[in-house]
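Participant: Below you will find the structure I want to go over with you.
The values are calculated or read from the model by the stated rules, or taken from the named source; none is laboratory data. Just so it is clear, the model here is predicted, and its values are computed rather than measured. Every residue, glycine among them, receives a Cβ derived from its backbone with ideal geometry; neighbour counts consider all protein chains shown. Surface accessibility is based on the protein's heavy atoms, side chains included, excluding ligands, DNA and RNA. Shrake-Rupley method; radii C 1.70, N 1.55, O 1.52, S 1.80 Å.
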Amino acid sequence: MIRTTPFHERTNALNETQLWSHWSGHLAADRYQMSDKMEYFAVRNAAGLFDSSPLYKYWIRGRDAERFLSGVLARDIRQCGPGQAQYTCWLDDRGFVIEDGVILHTAKDEYLLTSAEPNLAYFADRIGRDQVTIEEVSHDIGTLALQGPRSRALLAKLVPQMERIPYFGVAKGEIGGAGVTVSRTGYSGDLGYEVWIDEPDALHVWDTLWDSMEGHGVLPFGLAALYMLRIEAGLLLLDADFDSSRFAWNDAHRSSPIELGWNWMFKDLKADDRAFIGRKALEREIADKTSRWLMRGLIVDWQDYDRVYNEAGLIPPKDHAPVVEDWMLYDDDYQRVGYATSFMYSPMLQRHIALARVRPDLAALGTKVHLEFTVDHHYEQVAAHVARLPLYNPARKTA
């Protein structure tokens, strides 16, 4: 059975294309208008509203909640106090990533964890003797992401504390008299917020929020625009840029958090006394420098890109639609040195960009590599250089 989100009555009415995808058993809009680029630019220049309700959601409560999460999450949850959120991941015993997610510390001994895939059984099986409960509330809470440079001012009209909430902060408030939780989080790489709403209040909150934003250039945006935004922001997508170790066929499809560029989560590992799952393997990888790849951004040399197409008598395409597949990387000696996982033409940066795994010795910023793809049914290579992620990183995101 295909489910609809708590906001479907409104998103369906706005969806002029009636193009939908299946996301965790729910209908999710691909694009609301014929041009997904219009939705993309609404987020980058004004604000966009995205229904992210299909995320899996779990309340984790109890006096031992912090201790429990300290053992199953790789990032130190003790550094995430009440009123804060944290991007995190969980690993298997060999230090490979099972999944990533965002956790909100909403009150003392109370957390809300989100994930792209179901994880209730995984966490519940590891409670042991801890005094903690886990409750799945995936269908009980609707989630709206308001993202873009005007999001703060627009949301603050309804929830005044949004003027002061810090990056990855969490606050409670009301919209139209209905209680909501708001986190300064999102998947756009821009200034943005996510509003967490009890299902019975979902349509009322949508109407109040939507009506308050009339005339400010706000558009609903779908998955097509979201996938563009997240590549520029260097935000990885499960089953695109990495696979869950839980379902991987072999180690070539598994990744450590270091290989995915999440080493910043463990910068204080020596001072961290937790015995979390995967710790020993992670420590060995860091000490022995055994990472196979490092996740980096790529910026393609536009002149070399145009040359390949011009020589074939073709107009060089500048297609903003993301390509999510493995494109090989080579060095000057035509030895494979990595692969790109997500590729697109960035409307903001006016360059072809990619997320890529690069061999550690070639991962220094500015290093030249060659990206391979097909033109006229045969392989071509164009020059690119290694760049820091995120590729698009406006100051307003964290200001």
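Participant: Given 372, 311, 380, which one is over 13 Å from residue 231 (Cα atoms) and free of Cβ contacts under 8 Å to residues at least 24 places away in the same chain?
Facilitator: Just a single option satisfies the conditions, and that option is 311.
Participant: Can you say whether residue 254 is touching a Phe, Trp or Tyr at 6+ places or on another chain (Cβ under 6 Å) and open to solvent by less than 20 Å² (accessible area, probe 1.4 Å), as far as the supplied structure shows?
Facilitator: No: the conditions fail for residue 254.
Participant: Let me ask something else about it. Quick check on my filter: what residues within segment 322-342 are in contact with a helix residue (DSSP H, G or I) (Cβ under 8 Å, 6 or more places away or on another chain), open to solvent by less than 40 Å² (accessible area, probe 1.4 Å) and closer than 30 Å to residue 38 by Cα?
Facilitator: 342
Participant: OK, next. Just the residues that are among the hydrophobic types (A, V, I, L, M, F, W, C) and over 23 Å from residue 12 (Cβ atoms), please, taken from segment 47-66.
Facilitator: 59, 60, 65
Participant: For residue 247, only one of the following conditions fails: (1) part of a helix (DSSP H, G or I); (2) over 20 Å from residue 185 (Cβ atoms). What is its number?
Facilitator: (1)
Participant: Are any of the residues in segment 192-206 open to solvent by 10 Å² or more (accessible area, probe 1.4 Å), in a helix (DSSP H, G or I) and either basic (Lys, Arg) or out of contact with any strand residue (DSSP E or B) (no Cβ under 8 Å at 6 or more places or on another chain) (or both)?
Facilitator: Within segment 192-206, the subset open to solvent by 10 Å² or more (accessible area, probe 1.4 Å) is 194, 196, 198-201, 203-204.
Remaining after also requiring in a helix (DSSP H, G or I): 199-201, 203-204.
Then keep just the ones that are either basic (Lys, Arg) or out of contact with any strand residue (DSSP E or B) (no Cβ under 8 Å at 6 or more places or on another chain) (or both); that gives 200, 203.
Yes, segment 192-206 contains a residue that is open to solvent by 10 Å² or more (accessible area, probe 1.4 Å), in a helix (DSSP H, G or I) and either basic (Lys, Arg) or out of contact with any strand residue (DSSP E or B) (no Cβ under 8 Å at 6 or more places or on another chain) (or both).
Participant: Moving on to the next point. Taking residue 159 as the residue in question, decide whether it is in contact with a His (Cβ under 8 Å, 6 or more places away or on another chain) and open to solvent by less than 40 Å² (accessible area, probe 1.4 Å).
Facilitator: Values: in contact with a His (Cβ under 8 Å, 6 or more places away or on another chain): no; open to solvent by less than 40 Å² (accessible area, probe 1.4 Å): yes.
In short, no.
Participant: With the requirement that a residue be assigned to a strand (DSSP E or B) and among the acidic types (Asp, Glu), what does segment 352-372 give you? Please lay out each step first, then the result.
Facilitator: Residues of segment 352-372 assigned to a strand (DSSP E or B): 352-358, 368-372.
The one that is assigned to a strand (DSSP E or B) and among the acidic types (Asp, Glu): 372.
Participant: Give the residue, chosen from 11, 88, 5, that is in contact (Cβ under 8 Å) with a residue 60 or more places away in the chain, surrounded by 15 or more Cβ atoms within 10 Å (Cβ to Cβ) and in a loop (DSSP other than H, G, I, E, B).
Facilitator: 5
Participant: Now for a different question. Filter segment 19-66 for residues that are of a type in the set (Lys, Arg) and closer than 10 Å to residue 220 by Cα and give the result.
Facilitator: 31
Participant: Would you call residue 354 over 30 Å from residue 46 (Cβ atoms) and open to solvent by less than 10 Å² (accessible area, probe 1.4 Å)?
Facilitator: Criteria not met by residue 354.
Participant: Continuing with the same structure: State whether the residues of segment 167-188 include one that is farther than 19 Å from residue 222 by Cα, assigned to a loop (DSSP other than H, G, I, E, B) and more than 21 Å from the chain's Cα centre (by Cα).
Facilitator: Looking for residues that are farther than 19 Å from residue 222 by Cα, assigned to a loop (DSSP other than H, G, I, E, B) and more than 21 Å from the chain's Cα centre (by Cα), one finds at least one in segment 167-188, hence yes.
Table: residues versus (1) closer than 23 Å to residue 265 by Cβ; (2) of a type outside the set (Ser, Thr, Tyr).
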{"residue": "34", "(1), (2)": "no, yes"}
{"residue": "48", "(1), (2)": "no, yes"}
{"residue": "63", "(1), (2)": "no, yes"}
{"residue": "102", "(1), (2)": "yes, yes"}
{"residue": "115", "(1), (2)": "yes, no"}
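Participant: While we're looking at this one, here's another question. Which of the strands (runs of 3 or more DSSP E) found entirely inside segment 269-351 contain at least 2 residues meeting this: within 23 Å of the chain's Cα centre (by Cα) and within 28 Å of residue 69 (Cβ to Cβ)? Explain how you work it out, then say what you get.
Facilitator: On the way: elements: 294-300, 327-330, 336-346.
The qualifying strands (runs of 3 or more DSSP E) are 294-300.
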